[in-house]
Amino acid sequence: MLDFLANDLLLALAVILTVGLAIGKIKIGGISLGAAAVLFVAVGLSAANPDILMPALIYQFGLAIFVYTIGLSAGPTFMQTMKSRGFAMNIAAVVVLIVLIGLGMVVILLPGLDRITGAGMFAGALSSTPGMATIVESVPHLLGDGRSPDAGAPAVIGYSLAYPGGILGAILVGAIGAKLLKVDHIADAQKEGVLASPLQYRTIRIDRLPNCDSCTVADLSGLIEADVIATRLVKSQGQQFLLEPTSRLSVGSIIMVNGTDEELDKAVAALGEEVDYTADGTDLEYVRMVVSNPDVIGSRIRDLHTMRDHGFLISRLRRGDQDVVPHPDDVLQPSDRIRVVTSKSNINNVREFIGDSEKSLASPDLLPFALGLLLGIALGAIPIPLPGGITVSLGFGGGPIIMGLILGALGRTGPIRWQLPYHSNKTIETLGMAIFMAGVGTKAGGGFREALQDPTSFMYILMGLVLTVASAVLVIAVLMSWRKLTFDESMGVAAGITTNPAIIAYLNTATKTELSARGYTAVYPVMMIGKILASQALIVLLL
């Protein structure tokens, strides 16, 4: 059977995906590997028969589309994160990387370990293929003339031995740490605004307007320091009118406000008192619609001129499973579901403007996706000169995620809309991740087989695991104590240091939130370069 699979790699890929995804659903002690199990099935099969080896194109393409879609989805919040917590995350990650260089030297200099193989182990523990390549290219130059061009080859063996344990170690830290610390993933995500609480509405009589004599609706949220949106003005006769951002608020006015219970409590405390009111009998209605009109997709809410030209307000924005209060700078993405307030007679006009067509979203325009992926792969191929005459690149993992972050933040460039519908993005992300893990797992399996035949190899596996676990634990300890980050976001930074998609794939599945992904994307680009430099620094210090 193994020989048969080796001769039919397409069938082998299907077997790895099917068995891996099935095993990933199994829970032991409340912990499951999820899609990350695909990697270990691939390692197992290729260790049993090294001829089961996927072409490099398989995992390269899988990784490229996986990280590109992650970048697209994370792009809108990435720039905001970098202006605040993202900078501190990267500082912490760089400090941890420096500490790991020192720890790596201590481990590699243990008796019985080869320095070149050990340097490759260091790169494998941090899942840095470019770092390993840097070591291989550096060794002949560092050892001087007359040395074989293949003098750095032992680094590849060390990398292969440490790589699977590097993934498993980080996953175990995430799983066991969450259990020991009794992490409530959903509560933490809600606290950080990644997973919003359910939205409600209340009717408030304004008895006071703090620090403002003539406020507009646009000023309200900032003045009372509550994330709410006022949608309607209620007259004494029960009539209701839509509130524009420029509408003036005054003491005695009765307004209808949307937000979470916590934020609405702040609004009531700041403005006056809640009053009983029913919306029945009014000409205004709430209607949920899906954003599908190409002319609307990629636009900021403030640029739509909804009240002036189309007679409606957006009171809620739902992306994925989250309802959030819309803000003027929010960029509408394909498949966003918005709750609009408009008159009954205007509903059809608004629906035509927004699109509200699930059918059109089922056939997304893949040309911008292909173009963005092309730009990302091209960016990853640009050579980056380093000291010593070595040239490296961001590769098919670093280039696409950076381009995805940029294009995701832009939303649209002229007529080109970069974002995919939410469900399409998630489907491609999951498929790319699974294909990547299947391909790269077969690549590492051969090294595992050799390790089983050489007792010394187990030392490299063990020491690589030590480095991986130390990296994750150190990051979590620093960020949770220094920056008061949640466990999930800190673990996302730890995954970002490894830049390994399999780890963030497990975290996304285990936590069921995007909190880890926020930490992952914040440090990924810097760590792609940082680990290359760290690997080079380590081999220079060792030789």
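The values are calculated or read from the model by the stated rules, or taken from the named source; none is laboratory data. Since we're looking at a predicted model, the values are computed, not measured. FYI the Cβ positions are ideal-geometry reconstructions off the backbone, even for glycines, and counts take in every protein chain you see. Side chains are part of the model used for accessible areas, which takes the heavy atoms of the whole protein and leaves out ligands, DNA and RNA. Shrake-Rupley method; radii C 1.70, N 1.55, O 1.52, S 1.80 Å.
So, of the residues in segment 211-225 that are closer than 22 Å to R302 by Cα and of a type in the set (S, T, N, Q), which turns out to be surrounded by the most Cβ atoms within 10 Å (Cβ to Cβ)?
Per the stated criteria, the residue is S221.
Does segment 229-252 contain at least one residue that is open to solvent by 80 Å² or more (accessible area, probe 1.4 Å), closer than 25 Å to Q322 by Cα and within 41 Å of the chain's Cα centre (by Cα)?
First, pick out the residues of segment 229-252 that are open to solvent by 80 Å² or more (accessible area, probe 1.4 Å): 235-237, 239, 241, 246, 248, 251.
Within this subset, residues satisfying the condition of being closer than 25 Å to Q322 by Cα are none.
Within segment 229-252, none of the residues are open to solvent by 80 Å² or more (accessible area, probe 1.4 Å), closer than 25 Å to Q322 by Cα and within 41 Å of the chain's Cα centre (by Cα).
Would it be correct to say that M105 is within 24 Å of L479 (Cβ to Cβ) and in contact (Cβ under 8 Å) with a residue 24 or more places away in the chain?
Criteria not met by M105.
Consider segment 26-54. How many of its residues are of a type in the set (K, R) and at pLDDT 80 or above?
0
Restricting to segment 454-468, name every residue that is buried (at least 24 other Cβ atoms within 10 Å of the Cβ) and at pLDDT below 90.
The answer is none; no residue qualifies.
Among residues belonging to segment 270-312 that are at pLDDT below 85 and of a type in the set (V, I, T), point out the one that is surrounded by the fewest Cβ atoms within 10 Å (Cβ to Cβ).
Applying the filter and picking the extreme gives T278.
From the list A267, A226, which one is modelled with pLDDT of 90 or more, at negative phi and touching a Gly at 6+ places or on another chain (Cβ under 8 Å)?
When all the criteria are applied, what remains is A267.
Could you list all residues from segment 185-205 that are in a helix (DSSP H, G or I) and among the basic types (K, R)? Write out each step before concluding.
Step one: of segment 185-205, the residues in a helix (DSSP H, G or I) are 185-191.
Across segment 185-205, the qualifying residue is only K191.
Looking only at segment 308-338, how many residues end up being over 21 Å from the mean Cα position of the chain (by Cα) and not charged (D, E, K, R)?
Within segment 308-338, residues that are over 21 Å from the mean Cα position of the chain (by Cα) and not charged (D, E, K, R) number 11.
May I ask you to verify whether G414 is modelled with pLDDT of 80 or more and buried (at least 23 other Cβ atoms within 10 Å of the Cβ)?
no
Being open to solvent by less than 40 Å² (accessible area, probe 1.4 Å) and either within 22 Å of N500 (Cα to Cα) or assigned to a helix (DSSP H, G or I) (or both) is the filter here, so list the residues in segment 168-184 that pass it.
Matches in segment 168-184: G169, A170, I171, V173, G174, A175, G177, A178.
Looking only at segment 63-96, how many residues end up being at pLDDT 85 or above, surrounded by 20 or more Cβ atoms within 10 Å (Cβ to Cβ) and of a type in the set (A, V, I, L, M, F, W, C)?
Final tally of qualifying residues: 7.
Across segment 188-210, what is the number of residues that are more than 24 Å from V234 (Cβ to Cβ) and open to solvent by 40 Å² or more (accessible area, probe 1.4 Å)?
Matching residues across segment 188-210 total 5.
Quick one: how many residues across segment 97-137 are among the small types (G, A, S) and either surrounded by fewer than 24 Cβ atoms within 10 Å (Cβ to Cβ) or over 18 Å from Q536 (Cβ atoms) (or both)?
3
Within the group S481, S471, S535, which residue is open to solvent by less than 10 Å² (accessible area, probe 1.4 Å) and modelled with pLDDT of 90 or more?
Exactly one residue qualifies, and that residue is S471.
Is it true that some residue in segment 516-536 is touching a residue at least 60 places away in the same chain (Cβ under 8 Å) and assigned to a loop (DSSP other than H, G, I, E, B)?
The answer is no; no qualifying residue exists.
Every residue, every condition in (1) of a type in the set (G, A, S); (2) modelled with pLDDT under 90, yes or no:
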site: D150; (1), (2): no, yes
site: P154; (1), (2): no, yes
site: Y163; (1), (2): no, yes
site: L168; (1), (2): no, yes
site: G177; (1), (2): yes, no
site: V183; (1), (2): no, no
site: A196; (1), (2): yes, yes
site: I204; (1), (2): no, no
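Listed here are the residues, each with its yes/no results for (1) within 15 Å of L103 (Cβ to Cβ); (2) within 22 Å of the chain's Cα centre (by Cα).
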residue: D454; (1), (2): no, no
residue: M459; (1), (2): no, no
residue: G464; (1), (2): yes, no
residue: A470; (1), (2): yes, no
residue: E489; (1), (2): no, yes
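Are there helices (runs of 4 or more DSSP H) fully within segment 423-515 with at least 1 residues that are under 20 Å from G404 (Cα atoms) and in contact with a helix residue (DSSP H, G or I) (Cβ under 9 Å, 6 or more places away or on another chain)? List them.
In segment 423-515, 487-498, 501-511 are the helices (runs of 4 or more DSSP H) which contain 1 or more residues that are under 20 Å from G404 (Cα atoms) and in contact with a helix residue (DSSP H, G or I) (Cβ under 9 Å, 6 or more places away or on another chain).
Can you confirm whether segment 506-515 contains a residue that is out of contact with any Pro (no Cβ under 9 Å at 6 or more places or on another chain), hydrophobic (A, V, I, L, M, F, W, C), in contact (Cβ under 8 Å) with a residue 12 or more places away in the chain and surrounded by fewer than 24 Cβ atoms within 10 Å (Cβ to Cβ)?
Checking segment 506-515: at least one residue is out of contact with any Pro (no Cβ under 9 Å at 6 or more places or on another chain), hydrophobic (A, V, I, L, M, F, W, C), in contact (Cβ under 8 Å) with a residue 12 or more places away in the chain and surrounded by fewer than 24 Cβ atoms within 10 Å (Cβ to Cβ).
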